[in-house]
Number of protein chains: 2
Amino acid sequence: MLSKSEENYLKAIFHLSVKAEKGISTNAIAQQLDTKASSVTDMVKKLSEKELVLYVKYQGVTLTDKGEKIAANVIRKHRLWEVLLVQKFNFNWDEVHEVAEQLEHIHSKKLIDEMDAFLGFPKHDPHGDPIPDKDGNINFLEKSLLSTIDVNMKAVCVGVKDTSSDFLRYLDKQEIALGKEIAVLEKEAFDNSMLIRIGTNEFTISQQIATNIYVKNKE
Amino acid sequence: MLSKSEENYLKAIFHLSVKAEKGISTNAIAQQLDTKASSVTDMVKKLSEKELVLYVKYQGVTLTDKGEKIAANVIRKHRLWEVLLVQKFNFNWDEVHEVAEQLEHIHSKKLIDEMDAFLGFPKHDPHGDPIPDKDGNINFLEKSLLSTIDVNMKAVCVGVKDTSSDFLRYLDKQEIALGKEIAVLEKEAFDNSMLIRIGTNEFTISQQIATNIYVKNKE
DNA sequence: TCAAATTTTTAGACTTACCTAAAAATAAAT
DNA sequence: ATTTATTTTTAGGTAAGTCTAAAAATTTGA
């Protein structure tokens, strides 16, 4: 059974691997986990001995199949717990992360399977991120940033990039939520702000907002 | 915030204090936690510095009010999680302990308050043990061992002493459960076995069984 | 009561997961 | 192509929580 720390390293490497081609650098992992590069080197050696990562000195790390499966399972647990907290325990989507960080390390296969069923086998967490299945398969759906949508086009909100409380509470205030249709009415070339319509509400959002909302094109 | 280990020590001392008058001995704690006396001495010193226990060398420990409140809160969490597992997640009462041992160390006041409400503010866990309230008050209900009930008297099952899987599964098999009425029909002086009736079922139980079931007298 | 048995504490060591500071390797730039 | 800058690793150290073995205190009992 892996320690909480080992699981957190695998999870971090998993997340960093989504966008990266080559091996993940020691520094990148250190930044992700808010720790020092030397600590990462130590841990990566240990994970390598356990055959959870491939590690060549000075050349970064890659998850093995075994490591990837464990990482996906930790993420599965994290996201299922988030769904439980929001749907059954009245948590807001900006309150779930910290608790889910703890809950994701509870070891009980039965617990997570039963919870999955209890929640009706959800496919996404409250932020729109896909929940890996029992075997660690994850469904990366195609999504674009709202900022890339052309004027006069419509799109549906499917996720968020930034998950900070400040940002999520801003979205709540503007009534931007998963599944909502967003129409792009105007784009301002000067600062890349855009005028959008959600339902009957029309308002302007900054580029910073638009680059943190994931959408799926209509049709 | 206390570590998992510190919380476990406080919980162990709390449980041992229920029956003890004097301070709890180092050895008793070591046995309860399956560790060594020397480790207990170390930890007890630390808890003493934090003013969670009173400790005098060679004379055992006692919880302070602060320590007792924390211990009761850990037990509260443990028992609420047990209720959730049994009532919502299809766990049997012999399967909950190990997972609850992990879950009791999750830190989130909101989580436990919401869960309490979600479960309808239960007063007892699946084994009949009382759940402490938010302030750490615990309702020790008066209960007797089934073995002490006189012939021709009736009593209601309110708890179990032994919580091993073997014992709990035996109870399931015999359909002995919390809230069931048990009539004592005969007692055998030779081996202290008793003939009992539950519903329409009549059968004999050994003294060992009878001294591990808590009951409340009818009336 | 005072020696023997038991309990408890101390002393020193180990593991995990960190850290800092310095050395080594790699990458960038003139 | 070297020098410079950056990244990564090594070396050595710390804190929490555990252990074993030996010393000290307490309890038991003849």
Cβ-derived FRET efficiency at R0 45 Å, B:M1 paired with B:K22, nearest 0.05: 0.90
Nonlocal amide H pairs with B:V160, under 5 Å, H built at 1.01 Å: B:Y214
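DSSP loop chymotrypsin sites (Phe, Trp or Tyr not before Pro) in region B:24-82 with at most 11 other Cβ atoms within 10 Å of their Cβ, which ones?
B:Y58
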List of region B:76-96 residues, accessible area with partners at least 40 Å² below that of the chain alone (1.4 Å probe): B:F89, B:F91
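Which of the residue pairs B:K66/B:K109; A:K11/B:K110; A:K154/A:K187 have a Cα-Cα distance greater than 22 Å in the structure shown?
A:K11/B:K110
Roughly how big is the A-B contact, given as buried accessible area in Å² (both sides, 1.4 Å probe, nearest 100)? Before the final figure, lay out the partial values.
Values: alone 12810 and 12810 Å², together 23900 Å².
Chains A and B together bury roughly 1700 Å² of accessible area.
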Helical contribution to [θ] at 222 nm, DSSP H n ≥ 4, -39,500 (n - 2.57), averaged over chain A, rounded to 500: -13000 deg cm²/dmol
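Send over a whole-number figure in Å² for the accessible area per residue of the protein assembly as shown, probe 1.4 Å.
Values: 23900 Å² over 438 residues.
Ligands and nucleic acids excluded, the figure is 55 Å² per residue.
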Additional length obtainable on full extension of the chain from B:D172 to B:H15, 0.36 nm per residue less Cα span: 53.9 nm
Span per principal axis, largest first, for the Cα atoms of chain A (Å): 57, 42, 30
Per-residue HN-Hα couplings for region A:125-133 [Karplus 6.51, -1.76, 1.60; θ = phi - 60°; Hz; x = Gly/Pro]: 7, x, 9, x, 7, x, 9, x, 7
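For each pair in A:K123/A:K180; A:K69/A:K161; A:K19/A:K45, compute the distance between the two Cα atoms and list the pairs where it is over 19 Å. Show your work: numbers first, answer last.
Details: A:K123/A:K180 17 Å; A:K69/A:K161 23 Å; A:K19/A:K45 23 Å.
Check vs 19 Å cut-off fails for A:K69/A:K161; A:K19/A:K45.
What does the charge count around A:E82 come to, taking other residues whose C-beta lies under 12 Å from its C-beta (Lys +1, Arg +1, Asp -1, Glu -1)?
Numbers: positive: A:R76, A:K77, A:R79, A:K88; negative: A:D94, A:E95, A:E98, A:E101, A:E104, A:D125, A:D129.
Here the charged neighbours net out to -3.
Restrict the search to region B:62-160; then list the trypsin sites (Lys or Arg not before Pro) that DSSP places in a loop and that have at most 15 other Cβ atoms within 10 Å of their Cβ.
Answer in residue order: B:K123, B:K134.
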Where B:V86, A:V83 fall by accessible area, highest first, once all protein chains stay in place (1.4 Å): B:V86, A:V83
Heavy-atom accessible surface of region B:153-209: percent carbon and sulfur, 1.4 Å: 46
Charge tally in the Cβ shell below 13 Å around A:E49, where Lys, Arg are +1 and Asp, Glu are -1, A:E49 excluded: +1
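Tell me, what % of the accessible area of region A:28-149 is carbon and sulfur with a 1.4 angstrom probe? Please report the intermediate quantities before stating the final value.
Values: 2910 of 6220 Å².
Ligands and nucleic acids excluded, carbon and sulfur give 47 percent.
State the Kirkwood hydrodynamic radius of the protein assembly as shown in Å, one decimal place, computed from all pairs of distinct Cα atoms. Walk me through the numbers on the way to the answer.
Details: mean 1/r = 0.0387 Å⁻¹.
One decimal place: 25.8 Å for the Kirkwood radius.
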Net charge contributed by nearby residues that have their C-beta within less than 12 Å of A:D125 (K/R +1, D/E -1): +1
Magnitude of the charge dipole, chain B, Cβ model with Lys/Arg +1 and Asp/Glu -1, debye to 20: 520
Label-to-label distance, nm, for residues given as A:K69 and A:D162 (7 Å Cα→Cβ offset): 3.9
Convex hull (Cα only) mean projected area of region B:163-219, reported in nm² to one decimal: 4.2
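The values are calculated or read from the model by the stated rules, or taken from the named source; none is laboratory data. Only a predicted model underlies this, so the values are computations on that prediction, with no experimental measurement involved. Note that we place each Cβ from the backbone using ideal geometry, even for glycine, and neighbour counts take in every protein chain shown. Each accessible area value is taken on the protein alone, full model and side chains, heavy atoms only, with ligands, DNA and RNA left out. Shrake-Rupley method; radii C 1.70, N 1.55, O 1.52, S 1.80 Å.
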